[in-house]
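Remarks on the structure that follows.
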Number of protein chains: 2
Amino acid sequence: MSDAPRLLLLSTSTVFGSGYLEYAEAEIRSFLGGHSTVLFVPFALHDHDAYAAKVRTAFERMSYKLDSLHEATDQPQAIEAAKALFIGGGNTFRLLKSLHDHDLLGAIRQRVAAGMPYLGSSAGSNVAAPTIRTTNDMPIVEPPSFEALGLLPFQINPHYLDPEPGSRHMGETREERIVQFLEENATAVLGLREGAILRVEGSSCRLLGPAGARLFQRGQEPLELAAGSVLDDLLAKRV
Amino acid sequence: MSDAPRLLLLSTSTVFGSGYLEYAEAEIRSFLGGHSTVLFVPFALHDHDAYAAKVRTAFERMSYKLDSLHEATDQPQAIEAAKALFIGGGNTFRLLKSLHDHDLLGAIRQRVAAGMPYLGSSAGSNVAAPTIRTTNDMPIVEPPSFEALGLLPFQINPHYLDPEPGSRHMGETREERIVQFLEENATAVLGLREGAILRVEGSSCRLLGPAGARLFQRGQEPLELAAGSVLDDLLAKRV
């Protein structure tokens, strides 16, 4: 068995021009390997049934069976029994509030610490970080705390977007928002561009996918990270 | 004296191609009239001194004196004595947390109810709504509650941005985010495009500036509102 934690964190579920999860299929198969059933957490979207049906189609295409947590009669028990977990995207506040309300954070942390593979996309990648303080989402509901799973020692900003040349919009750019985060917090932020994927295996952390990422640390210039970068030091807080 | 409340809410402090507050000067002068001194709340940005200096320059250009709340020894007393209030933009979570931490929400509500003019821009417009659940900002700090001033019965979304034709970015559009808000909340949302200004005088509510707005209500198609629209019914919750 591989060392814990085992994480595959997607910036987005879909890249422009292809279907749901299609761009990431090879990485998902490589990560999940022989685990035949995946437990899906649909809480980031409003319609759990429709969301689970869509995700089930994508996983069945990859020859995995998919159970959805909203159909479980005992949710902590379903986490306890899961072979692998996938937390899908949507609204991060809604997702985190549901995880708190159903008291699932501790159960997920324990299983990940014991080696259960954790797959997250967008909001599902956000909640793997210490807090959701670097989500892009609208705070449509109020979770009891911004504290998240803390499976990583740094923050994720999914759907990371470079400043648009020639834009006339005066709202903050993504980089400006992350700089504001660093005014208030000392935790590093990894901005994952759409198509970028982070894979963690124990003490190994690697940036996959073609899109690259941008690393923001307090008091330092942002660092451009190419596809394939090894981020073990960031995972070990040695940067 | 005019009926309370008196509010002037700007979508943005700056429109593309002009200086800070320049596009709104005529509306600000018309709204503030003869009040010679404005109390400024700089809490949405990190550097209060720099922010107050910038805003002071803009108000002195309009022949108003500007005091900044961060320089007051007794902040609730400064609110109590203010002739007019301006809450500037920046990060809405940081602003609201400061207002809660300094216990200023009640004092501001009381003064606005008694007729004190309230000028807000971006984050300062967000906090005039019942909650900050429709801000675009990153949740970089955790306020004790999302509850805001509630000077209006509906939500504001400042810097409202129409979907960009041809975009390849897969993050949610602004409209999709607001639709998610309406899945969880029954309160209407007024999306103010950059350049749009909302002026409330007692029971009168009018949309100023050239940019127009978009009104989102649960179970209804979004409604396009042209510059000059009268929104008294929205203010009275009659829509």
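Within the stretch B:118-141, the set of residues being under 16 Å from B:Leu215 (Cβ atoms), assigned to a loop (DSSP other than H, G, I, E, B) and of a type in the set (Gly, Ala, Ser) comprises just one member, B:Ala129. Scanning the stretch A:163-184 for residues that are closer than 19 Å to B:Phe16 by Cβ, more than 8 Å from every other protein chain (Cβ to nearest Cβ) and either open to solvent by less than 60 Å² (accessible area, probe 1.4 Å) or in contact (Cβ under 8 Å) with a residue 24 or more places away in the chain (or both) gives A:Ser167, A:Thr173, A:Arg174, A:Glu175. Exactly one residue out of A:Leu198, A:Leu215, A:Leu223, A:Leu235 is touching a Leu at 6+ places or on another chain (Cβ under 6 Å) and either aromatic (Phe, Trp, Tyr) or within 18 Å of A:Phe31 (Cβ to Cβ) (or both): that is A:Leu198.
Being within 14 Å of another protein chain (Cβ to nearest Cβ), open to solvent by 10 Å² or more (accessible area, probe 1.4 Å) and modelled with pLDDT of 95 or more is true for just one of B:Lys97, B:Lys83. Which residue is that?
Of B:Lys97, B:Lys83, the one residue that is within 14 Å of another protein chain (Cβ to nearest Cβ), open to solvent by 10 Å² or more (accessible area, probe 1.4 Å) and modelled with pLDDT of 95 or more is B:Lys97.
Among the conditions (1) farther than 26 Å from A:Ile156 by Cα; (2) within 14 Å of chain A (Cβ to nearest Cβ), the only one that B:Leu151 does not satisfy is (2). Of the candidates A:Gly34, A:Gly17, A:Gly88, the single residue that is at negative phi, among the small types (Gly, Ala, Ser) and at pLDDT below 95 is A:Gly34.
Restricting attention to the stretch B:209-239, the residues that are touching a helix residue (DSSP H, G or I) at 6+ places or on another chain (Cβ under 6 Å) and buried (at least 21 other Cβ atoms within 10 Å of the Cβ) add up to 1.
For the stretch A:142-178, a residue qualifies if it is hydrophobic (A, V, I, L, M, F, W, C) and not in a loop (DSSP other than H, G, I, E, B), and the qualifying residues are A:Ile156, A:Ile178.
In the stretch A:10-36, which residues are touching a Leu at 6+ places or on another chain (Cβ under 9 Å), open to solvent by 10 Å² or more (accessible area, probe 1.4 Å) and in a loop (DSSP other than H, G, I, E, B)? Within the stretch A:10-36, A:Ser13, A:Thr14 meet the criteria.
As a summary of the residue check, A:Leu7 satisfies the conditions (1) open to solvent by 10 Å² or more (accessible area, probe 1.4 Å); (2) within 28 Å of A:Ile140 (Cβ to Cβ); (3) aliphatic (A, V, I, L, M); (4) more than 14 Å from chain B (Cβ to nearest Cβ) except for the one numbered (1). B:Gly120 satisfies every condition listed in (1) touching a helix residue (DSSP H, G or I) at 6+ places or on another chain (Cβ under 7 Å); (2) surrounded by 23 or more Cβ atoms within 10 Å (Cβ to Cβ); (3) more than 14 Å from chain A (Cβ to nearest Cβ) except (1). Please find, within the stretch B:128-140, the residue that is nearest to A:Leu96 (Cα to Cα) out of those that are within 13 Å of chain A (Cβ to nearest Cβ) and open to solvent by less than 10 Å² (accessible area, probe 1.4 Å). Within the stretch B:128-140, the match that is nearest to A:Leu96 (Cα to Cα) is B:Pro139. Here the condition is being of a type in the set (S, T, N, Q) and closer than 18 Å to A:His35 by Cβ; of A:Gln110, A:Gln77, it holds for A:Gln110 alone. Kindly indicate the residue of the stretch A:105-117 that is among the hydrophobic types (A, V, I, L, M, F, W, C) and in a helix (DSSP H, G or I) and also surrounded by the fewest Cβ atoms within 10 Å (Cβ to Cβ) among those meeting that condition. Top of the filtered list is A:Ala113. With respect to the stated conditions, B:Leu39 is more than 13 Å from chain A (Cβ to nearest Cβ), open to solvent by less than 30 Å² (accessible area, probe 1.4 Å) and either part of a loop (DSSP other than H, G, I, E, B) or out of contact with any Pro (no Cβ under 9 Å at 6 or more places or on another chain) (or both). Comparison of B:His46, B:His102 shows that the only residue that is farther than 15 Å from B:Leu149 by Cα, open to solvent by 10 Å² or more (accessible area, probe 1.4 Å) and not hydroxyl-bearing (Ser, Thr, Tyr) is B:His46.
Close contacts from the stretch B:105-132, counting a first residue that is over 11 Å from B:Ala4 (Cα atoms) and a second that is open to solvent by 10 Å² or more (accessible area, probe 1.4 Å) and assigned to a helix (DSSP H, G or I), with Cβ to Cβ under 6 Å and a gap of 6+ residues or different chains, come to B:Ala107/B:Pro76. Tell me, yes or no, whether the stretch B:186-196 has at least one residue that is more than 16 Å from the chain's Cα centre (by Cα), open to solvent by 10 Å² or more (accessible area, probe 1.4 Å) and not charged (D, E, K, R). Checked against the condition, which is being more than 16 Å from the chain's Cα centre (by Cα), open to solvent by 10 Å² or more (accessible area, probe 1.4 Å) and not charged (D, E, K, R), the stretch B:186-196 yields at least one hit. Mind listing just one residue for me: the one in the stretch A:42-85 that is over 19 Å from the mean Cα position of the chain (by Cα) and assigned to a loop (DSSP other than H, G, I, E, B) and, of those, nearest to A:Ala4 (Cα to Cα)? The residue in question is A:Tyr64.
The values are calculated or read from the model by the stated rules, or taken from the named source; none is laboratory data. Since this is a predicted model, take the numbers as computed values, not measurements. So basically every Cβ, Gly included, is an ideal-geometry build from the backbone, and we count neighbours across all protein chains shown. Heavy atoms of the whole protein, side chains included, go into the accessibility calculation; ligands, DNA and RNA do not. Shrake-Rupley method; radii C 1.70, N 1.55, O 1.52, S 1.80 Å.
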